[in-house]
Amino acid sequence: MTALDILDLPTGPVALHRAREADLPELVALLADDVLGREREAPELGPYRRAFAAIDQDPAHLLLAARDEAGALLATLQLTLLPSLSRGGSLRLQIESVRVAADARGSGLGSALMQWVHGWGRERGAALAQLTTDAARTDAHRFYTRLGYAQSHLGFKLPL
């Protein structure tokens, strides 16, 4: 598996890869490894396999897996390039499902990963990075604010 890039962190190198279907059990476990994720994620991998296939087939999407030298999954996130008529017809970089393994938090991985994400978006012509985070994730709010994100909009969701 060829790395898209290597992040050099004080704790050691972290390889960034396009996620593979074989990664799904670990990716889903990482998504479920917090208070909110335990309630949202399901043990059955069938729906995740269908979602993965749709993501992986579309060049506007990148599902990322970040692994240490030993191959342990440290983080994941999904990137989507969204064309938009607003903001002068600009391209937006949507960042979703950001998770860093509990034992890797505070290591600088999250900041390095987001810096890489911003560069990835810029290289593809994105003019704006946007994300949502659950209102209960106050640590994440502080993290994104520290990176320069502004709480500029109020988000709404409706289960369908």
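Only one of the numbered conditions (1) open to solvent by 80 Å² or more (accessible area, probe 1.4 Å); (2) assigned to a loop (DSSP other than H, G, I, E, B); (3) of a type outside the set (Ser, Thr, Tyr); (4) closer than 24 Å to Leu27 by Cβ is violated by Ala136, and that is (1).
Annotation: of all residues in the stretch 118-160 being among the charged types (D, E, K, R) and more than 14 Å from Glu96 (Cβ to Cβ), the one that is modelled with the lowest pLDDT is Asp139. Here Leu128 fulfils each of the conditions (1) open to solvent by 30 Å² or more (accessible area, probe 1.4 Å); (2) outside any strand (DSSP E or B); (3) farther than 27 Å from Ala29 by Cβ apart from (2).
Taken over the stretch 83-104, residues that are in contact with a Ser or Thr (Cβ under 9 Å, 6 or more places away or on another chain), surrounded by fewer than 19 Cβ atoms within 10 Å (Cβ to Cβ) and not in a strand (DSSP E or B) amount to 2.
Give me the residue from the stretch 1-26 that is in a loop (DSSP other than H, G, I, E, B) and in contact with a Ser or Thr (Cβ under 8 Å, 6 or more places away or on another chain) and, out of that set, nearest to Leu63 (Cα to Cα).
Applying the first criterion (in a loop (DSSP other than H, G, I, E, B)) to the stretch 1-26 yields 1-4, 10-11, 19-20.
Still in the list and also in contact with a Ser or Thr (Cβ under 8 Å, 6 or more places away or on another chain): 10-11, 19.
Numbers: Pro10: 25, Thr11: 23, Ala19: 6 Å.
Residue satisfying both the conditions and the ranking: Ala19.
Of the residues examined, Ala70 is not one that is more than 26 Å from Gly155 (Cβ to Cβ) and in a helix (DSSP H, G or I).
The values are calculated or read from the model by the stated rules, or taken from the named source; none is laboratory data. Since this is a predicted model, take the numbers as computed values, not measurements. Counting neighbours? That spans all protein chains shown, and the Cβs are built from the backbone with ideal geometry, glycine included. Note: accessible area is taken over every heavy atom of the protein model, side chains too, but ligands, DNA and RNA are not part of it. Shrake-Rupley method; radii C 1.70, N 1.55, O 1.52, S 1.80 Å.
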